[in-house]
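Please read the structure below before turning to the comments.
The values are calculated or read from the model by the stated rules, or taken from the named source; none is laboratory data. Model, not experiment: these values are computed from the prediction. Heads up, the Cβs are rebuilt from the backbone with ideal geometry, glycines too, and the neighbour counts pull from every protein chain shown. Side chains included, ligands, DNA and RNA excluded: accessible areas come from the protein's heavy atoms. Shrake-Rupley method; radii C 1.70, N 1.55, O 1.52, S 1.80 Å.
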Amino acid sequence: MSNILEGLRIVEGSAFVAAPSGGMHLAQLGADVIRFDTIGGGIDYRRLPLSSSGHSLYWASLNRGKRSIAVDIRSDAGREILTALITAPGDEAGLFLSNFPDRGWMSYDTLAAQRSDLIKVTIKGNPDGSTALDYTVNAAVGYPMVTGPDSVDGPINHVLPAWDFQCGQQAALGLLAAERYRSRHGTGQHVQISLADVAMSTVANYGHVAEAQINGTERGRIGNDLYGAFGRDFATSDHRRFTAIVITSRQWTSLLEATGLGGQVATLAEQTGADFSDEGALFEHREPLGRLVDEWSATKTLAEVAEVFEEHGVCWGPYQTFGQMLEDDWRCSPKNPMFQLIDQPDIGEVLAPGSPLTFSEVERGAVAPAPRLGEHTEQVLANVLGLSASEIGNLHDGGTVASAASAA
């Protein structure tokens, strides 16, 4: 963990992907992120995939570096504890990240009545507060209708919940922006962000909205071809596949030098009158150009492709399964300083990343595991809220809080 955000204390009330991922990124940069869950775990605590011991690899992977407290959220006493924790004094406290509904005791107005400079970040589905998930938002933004080969009739979903993860990053950015505003003006605020806004702003920022509005056209399916330039998947003689990408003149030259196809491409240019120094021409003539690379790659193993492409600086990459990435790619290994082998409680040794950010003045530090559910309950109650051992014991006896030994 980096310590660039050391001193910030953020309370997280969350489930699933967006908010937990945002909180994790803040924790990996050194913030003290305290996640609260109901005793026994929330709705995402046992989500697939599970380890052989029955513990959620999903939950552990999204909560590294945080502290965990387990509280009976439905009880008045439990809500009083969480309200006190969220609104606890301190210049770098009073920060709350959540994707739970902004109502009741957890609403911004209710909490701000206890601390006027409170900063709360609320993640919603739709901007009007109605329900939406990554998968329903993704269905609405056009990408499933242009994914896959043109022979497909109907949508193809993307398996990565990209909007969840991007929303988590934006939520973390919003929290830090609001904290800077508070440090300059002394004013807290409610920051709201929705999955739908994150997705649709991204689609618009990439030009798809303008394309439909200004040109009056709909993007069609082009399979694995790269829109607007040259690139797709190619097969090797040992039944592996790779992608080669060309978006600059230098990348085009490198690909021609590596494959030795310069003469055949020059002939094609003469026949068609195309100027292949223009990426638009590369896209227009992608099929005959792709066939030339297909013929070349079919005579090479993936290792041979790798050797010649690396020699000539081609922009390329092999297609890999998750297992192949783990076994063969140094970028997903301890050779990459972002990754470390850690001892994850109840699961065992696992390869885990820290923050992808690097800072010239701050060292990365060690990657911290996810906590056990309720692992820091006593610590937080004592050190943050100042409760005595007897008070904490009474809360345990009354079932208001639980420790790691009893929370699950």
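Table for the structure above
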read-out	value
Which listed residue is in a helix (DSSP H, G or I), open to solvent by less than 50 Å² (accessible area, probe 1.4 Å) and under 17 Å from Leu302 (Cβ atoms), from Leu255, Leu268	Leu255
Spans of helices (runs of 4 or more DSSP H) in the stretch 281-341 with at least 1 residues over 30 Å from Ala368 (Cα atoms)	286-297, 302-312
Near pairs, Cβ below 6 angstrom, 6+ apart or cross-chain, from the stretch 311-338 (surrounded by 11 or more Cβ atoms within 10 Å (Cβ to Cβ)) to any residue that is modelled with pLDDT of 95 or more and among the charged types (D, E, K, R)	His312/Glu257; Tyr319/Arg241
Pick from the stretch 76-134, criterion of a type in the set (S, T, N, Q), outside any loop (DSSP other than H, G, I, E, B) and within 26 Å of the chain's Cα centre (by Cα), ranking: farthest from Arg184 (Cα to Cα)	Ser98
Residue list for the stretch 394-408, filter: in a helix (DSSP H, G or I), open to solvent by less than 60 Å² (accessible area, probe 1.4 Å) and small (Gly, Ala, Ser)	Ala404, Ala407
Unique match (being within 30 Å of Phe359 (Cα to Cα), open to solvent by less than 40 Å² (accessible area, probe 1.4 Å) and modelled with pLDDT of 95 or more) among Ile73, Ile81, Ile69, Ile10	Ile10
Hey, Ser2 surrounded by fewer than 17 Cβ atoms within 10 Å (Cβ to Cβ), farther than 18 Å from Cys167 by Cβ and at pLDDT below 95 or not	no
Test for Ile69: is it more than 23 Å from Pro369 (Cα to Cα), among the β-branched types (Val, Ile, Thr) and in contact (Cβ under 8 Å) with a residue 60 or more places away in the chain	no
The one condition in (1) aliphatic (A, V, I, L, M); (2) touching a strand residue (DSSP E or B) at 6+ places or on another chain (Cβ under 8 Å); (3) closer than 17 Å to Gly231 by Cβ that Leu256 fails to fulfil	(2)
Failed item in (1) under 23 Å from Ala171 (Cα atoms); (2) touching a residue at least 12 places away in the same chain (Cβ under 8 Å); (3) open to solvent by 10 Å² or more (accessible area, probe 1.4 Å), with Asp109 passing the rest	(2)
Residues located in the stretch 185-216, provided they are open to solvent by 60 Å² or more (accessible area, probe 1.4 Å), among the hydroxyl-bearing types (Ser, Thr, Tyr) and under 19 Å from Thr147 (Cα atoms)	Tyr206
